[in-house]
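Notes follow once the structure below has been shown.
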Amino acid sequence: MWEYMMAFLKSWFIYPSLTWNFILISIGLGIVFGAIWLCGHWPPLFKRHWLWMVAVVSAFLSLLAVVFVQIPLQHYVGVVLMHFWSQQVLLSWLLLAGIPTILLSGLVQEGAKMVPMVFWWWRSGRNISPRLGLAIGAIAGAGFGIFEAVWVHGRMFAAGWTLNAIQTDGFLGIVGFWERFFAMGFHIAASALAGYGLAKGKGWQFYLIVAVLHGILNYAVVFLQKGYLTLVQVETYVAVVAVIVTAAVLLLRWRRSEEDINEPAEPIEPTGIDI
């Protein structure tokens, strides 16, 4: 398993079969996708430069969490399940047997994205406004979302994707880009929701909520494996979940209530911060 983990980690940084123009296109698409979704959240990136570090830390920390926490835990969950039931039984009960693995992805990834949020919240005296919490969360989600999108796009180009795929396969020719676009929106919205909960003093409750939402998004894979949904239906499912979560978060971001008017001023950015 260690060899698999290391190979997976290296695949995020090494693209031996790609030329520089495809690598740059992969990066550019990831940044554009992230920018489109972030426009709705309008985080103060240029007023609070430390938010860029939140994005970077979230990206790399989430990847490390996937490699060194999520993958081993999912492996051992599979081992335990195989100890009690045969593979045939597990496949027959996949709708239930797949839940632990699916939930682990949400718990690990959303937890890793929250680490830079919690650090800033703690350094700010555990007192940040809900809107700043939403902004920090959105940036944390964008950091990992963009990093993941670049990786997926690179793998698509390495597999031989060209514009001809659109002509020959139609929607299926762009399904990978479609999925990354809406997965980006979900990453940003889910982390923003976690940041909002942290600012409201309900960090662990909102962490569990977004982890479950993450699991609900990923559960579409189980429906696909069981043959209950087609690939097009799965991608529609992903888009709908991402849009619903984003809409809910944007309502929190832009609403004007008595609480917004009376909330304390956002804390001054600490000096010498090292996230």
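The values are calculated or read from the model by the stated rules, or taken from the named source; none is laboratory data. Small disclaimer: the values here were computed from a predicted structure and weren't measured. Heads up, the Cβs are rebuilt from the backbone with ideal geometry, glycines too, and the neighbour counts pull from every protein chain shown.
Can you tell me how many residues within the stretch 68-124 are under 28 Å from Ile136 (Cα atoms), within 21 Å of the chain's Cα centre (by Cα) and in contact (Cβ under 8 Å) with a residue 60 or more places away in the chain? Result for the stretch 68-124: 18. All of (1) within 29 Å of Val118 (Cα to Cα); (2) modelled with pLDDT under 95; (3) not basic (Lys, Arg) hold for Trp2 with one exception: (1).
Residues checked against (1) among the β-branched types (Val, Ile, Thr); (2) surrounded by 23 or more Cβ atoms within 10 Å (Cβ to Cβ); (3) modelled with pLDDT under 95:
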| residue | (1), (2), (3) |
| --- | --- |
| Ala190 | no, yes, no |
| Leu193 | no, yes, no |
| Lys202 | no, no, yes |
| Gln205 | no, no, no |
| Val210 | yes, yes, no |
| Leu213 | no, no, no |
| Thr236 | yes, no, no |
| Ala239 | no, no, no |
| Ala242 | no, yes, no |
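Within the stretch 129-149, residues that are among the polar types (S, T, N, Q) have Cβ atoms under 7 Å from residues that are in a helix (DSSP H, G or I) and surrounded by 24 or more Cβ atoms within 10 Å (Cβ to Cβ) in these pairs: Ser129/Ala199, counting only partners at least 6 apart in sequence or on another chain. If the condition is being among the small types (Gly, Ala, Ser) and buried (at least 23 other Cβ atoms within 10 Å of the Cβ), then the stretch 104-123 contributes Gly106, Ala112. Listed by position, the helices (runs of 4 or more DSSP H) enclosed by the stretch 99-202 that each have at least 1 residues that are among the aromatic types (Phe, Trp, Tyr), closer than 22 Å to Ala247 by Cα and out of contact with any Asp or Glu (no Cβ under 9 Å at 6 or more places or on another chain) are 130-158, 175-199.
Sort through Gly154, Gly111, Gly106, Gly137 and tell me the only one that's farther than 30 Å from Gly78 by Cα and of a type in the set (Gly, Ala, Ser). None of the other options fit; the residue is Gly137.
Residue-wise test of (1) in contact with a Pro (Cβ under 8 Å, 6 or more places away or on another chain); (2) among the β-branched types (Val, Ile, Thr); (3) surrounded by 17 or more Cβ atoms within 10 Å (Cβ to Cβ).
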| residue | (1), (2), (3) |
| --- | --- |
| Trp2 | no, no, no |
| Ser11 | no, no, no |
| Thr19 | no, yes, no |
| Leu24 | no, no, no |
| Ser58 | yes, no, yes |
